[in-house]
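**Q** The structure that follows is given in the form of structure tokens.
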Amino acid sequence: MHRRTLNAAQVAEFEGVLLARRADVAAQRSRLDGSLADVRESRSDGMADDEHDPEGPTMSSEWSRLAGTQLAVDDDLVQVDAALERLADGSYGTCVRCGESIPIDRLRARPEASLCIACAQAVGG
Ligand SMILES: [Zn+2]
């Protein structure tokens, strides 16, 4: 096994990328919270809605879509936070499954990646 730690410039590069990504994801999360609150409000307040059935398919599918997106965004946030932790403890850039180093090109394409390409394929992610 070859364990390669990133140099200081690379650590700084990925820290910047991850912090920017975290800010993006957090902003997306709070927009979603607002949208979900809007949908929840219009669902519970039938009087404000001209439709006879505020629980109808349109609202339900919008709700499902937003809730699904929210789960994906939460997952992104968890992964970005985990990557920042690995960056702090020096294990960033090392596959958490096999211990091989993750190619820098893969990290640039997907900075929150915790698996090397082979392991990502092996686990289907
Ligand atoms: Zn691996």
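The values are calculated or read from the model by the stated rules, or taken from the named source; none is laboratory data. Given the structure is predicted, the values throughout are model-derived calculations rather than measurements. Note: areas computed on protein heavy atoms with side chains; ligands, DNA, RNA excluded. Shrake-Rupley method; radii C 1.70, N 1.55, O 1.52, S 1.80 Å.
**Q** If amide H atoms are built 1.01 Å from N in the plane of the peptide, which residues on other chains or at least 5 residues away come under 5 Å of the amide H of T94?
**A** I102
**Q** Convex hull over the alpha-carbon atoms of the chain: what's its volume per residue in Å³? Provide the component values of the computation, followed by the final result.
**A** Values: hull volume 14.1 nm³, N = 125.
Spread over its residues, the Cα hull of the chain gives 113 Å³ apiece.
**Q** Same structure again: So what does D75 come to for accessible area, using a 1.4 Å probe and Å² rounded to 10?
**A** Taking all protein chains as shown, D75 has close to 80 Å².
**Q** Among T69, T94, T58, which one shows the biggest mean-square fluctuation in a GNM of the chain, springs joining Cα atoms closer than 10 Å?
**A** T58
**Q** Defining a contact as two alpha carbons under 8 Å apart and six or more residues distant in sequence, what relative contact order in percent does the chain show? List each step's numbers first, then the result.
**A** Numbers: 105 pairs, mean separation 42.2, N = 125.
Rounded, it is 34 percent for the chain.
**Q** Hey, what number do you get for the chain at 222 nm if only DSSP H runs of n ≥ 4 count, each worth -39500 (n - 2.57), divided across all residues, to the nearest 500?
**A** Mean residue ellipticity, 222 nm, calculated: -22500 deg cm²/dmol.
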